[in-house]
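For reference, the structure is listed below as structure tokens.
The values are calculated or read from the model by the stated rules, or taken from the named source; none is laboratory data. Nothing here was measured: the structure is a model prediction, and the numbers come from that model. We place every Cβ from the backbone using ideal geometry, glycine too, and count neighbours over all the protein chains shown.
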Amino acid sequence: MKVLVVGNGGREHALAWKLLQSPKVQQVTCIPGNGGTASLAHCQNLPLSLDDFEGIGRFALVNGIALVVIGPEVPLAAGITDYLRHQHLTVFGPTRLGAQIEASKAWAKALMQEANIPTAQAAVFTEKDAAQAYVQAQGAPIVVKADGLAAGKGVTVAATVAEAQAAIAAIFEGQFGKAGERVVIEACLTGQEVSVLAITDGITIRPLLPAQDHKRIGDGDTGLNTGGMGAYAPAPIATPALMQRIQTEILEPTIAALQERKIDYCGVLYAGLMITPEGDPNVIEFNCRFGDPETQAILPLLETPLDELLLACAQKRLAAQPPIVWKAGAAACVVMAAEGYPGGFRKGDRITGVDAAEEQGAVVFHAGTQLKQQRLVTDGGRVLGVTATGETFDAAIAQAYAAVNATHFDGAYYRHDIGDRVRTAESASS
């Protein structure tokens, strides 16, 4: 079987890597891919643009691609699945209508409210003055979000009214372009965050292992929001009892609400959740694709062949699939970013030590990299996702950081506290 993966981040490298472990997958093509996918055996990159739907479709048809897996949210929101399905291709990824669950926070909020899915109280604004007046009346802490896609950076958890007012002004002044034409203002939820990525064929929905992301740039969850600086799985806070509640109170009602709107949702439904101090799950936001870097921590623990799961979703037969099988133990991913991220950063710095890191047993997933004349160089804000597994969180996290220390590029930045919360809990219970 030949598979096409659309995207060029760490998530897509992890997807290609996992797909190639299946005995049924003979070849993976990544469009456009990165330096890591270029280095995988039986994997090739094709330098097409993510918005070249016609070129992507033509390649898939001419080369007998059995399954197209869409990685990023931007082409999903632009309707790539609709286009490729119209070409009679088998696609894993929601349609443009389904992708609104991420592409418009206001649309997703309305869906949740209609379906009685637990989430923070919110209001939507198209005018700066009205939004600022609302914040003045509500007080802080409060959450300000650009409505549209902002690469994980469109959210401000404001500790003061002044901070919220500044965030609103920046959004309406064009900080996020068209994504900021509307602003969603939410009550601030407290507790622990957990990411539950679930696969669905639009009828049946099955969660993958719960993961915990680290969104802020700085140690101790300080500084600006990013696309994610590291993750670990499975998140212990998501106990079997809580996962059952998430299934029945959030995942299944969301699929039912999408069906009610005549939306055929096939792909990943990613629920970013806040678990309150009382242990109740609330939706912070939904995403319409695999999480990055959560995918890099989840897939190394997956035993069931990934292609079987994705095909079952695309062919509307997920209910007939046997239970998903997972390896015992834990996984941790530490993101190495370019200096200056999530602001401006330079590209083109040489990366060394990846082989040494992998010789220690880690897997280095490439995000912002390119292979230029057989030299690996930086090509993005988040450059590498250094991932390791172990029997315990302590073992997985220690191995991931040992591999980080073996890897080098000028200006490399990473958090030093990925998984500290779970390591502390693990030590306390042993």
Qualifying residue in region 296-313 (condition: in a loop (DSSP other than H, G, I, E, B) and either of a type in the set (S, T, Y) or crowded, with 22+ Cβ neighbours inside 10 Å (or both)): yes
First in region 295-323 and closer than 19 Å to Q27 by Cα and modelled with pLDDT of 95 or more, second anywhere and surrounded by fewer than 17 Cβ atoms within 10 Å (Cβ to Cβ) and among the small types (G, A, S), Cβ under 6 Å, 6 or more apart: P305/S22; D307/S22
The listed residue being under 24 Å from E193 (Cβ atoms), within 21 Å of the chain's Cα centre (by Cα) and surrounded by fewer than 20 Cβ atoms within 10 Å (Cβ to Cβ), out of A106, A122, A115: A106
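Conditions (1) under 28 Å from K316 (Cβ atoms); (2) assigned to a loop (DSSP other than H, G, I, E, B); (3) modelled with pLDDT under 95, marked per residue:
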{"position": "G36", "(1), (2), (3)": "no, no, no"}
{"position": "A41", "(1), (2), (3)": "no, yes, no"}
{"position": "Q44", "(1), (2), (3)": "no, no, no"}
{"position": "P47", "(1), (2), (3)": "no, yes, no"}
{"position": "L50", "(1), (2), (3)": "yes, yes, no"}
{"position": "F59", "(1), (2), (3)": "yes, no, no"}
{"position": "I65", "(1), (2), (3)": "yes, yes, no"}
{"position": "P75", "(1), (2), (3)": "yes, no, no"}
{"position": "Y83", "(1), (2), (3)": "yes, no, no"}
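Of these, A400, A406, A357, which one is assigned by TED's automatic domain parsing to the domain that holds A330, out of contact with any strand residue (DSSP E or B) (no Cβ under 7 Å at 6 or more places or on another chain), crowded, with 16+ Cβ neighbours inside 10 Å and not acidic (D, E)? Reasoning before the result, please.
Details: A400 fails: out of contact with any strand residue (DSSP E or B) (no Cβ under 7 Å at 6 or more places or on another chain); A357 fails: out of contact with any strand residue (DSSP E or B) (no Cβ under 7 Å at 6 or more places or on another chain).
Among A400, A406, A357, only A406 is assigned by TED's automatic domain parsing to the domain that holds A330, out of contact with any strand residue (DSSP E or B) (no Cβ under 7 Å at 6 or more places or on another chain), crowded, with 16+ Cβ neighbours inside 10 Å and not acidic (D, E).
If a residue has to be closer than 23 Å to V283 by Cβ and either surrounded by fewer than 17 Cβ atoms within 10 Å (Cβ to Cβ) or assigned by TED's automatic domain parsing to the domain that holds L149 (or both) to count, how many in region 56-73 make the cut? Talk me through it step by step, then tell me what you get.
Going residue by residue through region 56-73, those that are closer than 23 Å to V283 by Cβ are 70-73.
Subsequent filtering for residues that are either surrounded by fewer than 17 Cβ atoms within 10 Å (Cβ to Cβ) or assigned by TED's automatic domain parsing to the domain that holds L149 (or both) retains none.
Count: 0.
So which residues in region 9-33 are part of a loop (DSSP other than H, G, I, E, B), crowded, with 24+ Cβ neighbours inside 10 Å and in contact with a Leu (Cβ under 8 Å, 6 or more places away or on another chain), if there are any at all? Show your work before the answer.
In the first step, residues of region 9-33 are kept if they are part of a loop (DSSP other than H, G, I, E, B); the result is 9, 20-26, 33.
Restricting the remaining residues to those that are crowded, with 24+ Cβ neighbours inside 10 Å gives 9, 33.
Matches in region 9-33: G33 only.
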Of all residues in region 194-225 being at pLDDT below 95 and basic (K, R), the one that is farthest from the chain's Cα centre (by Cα): R216
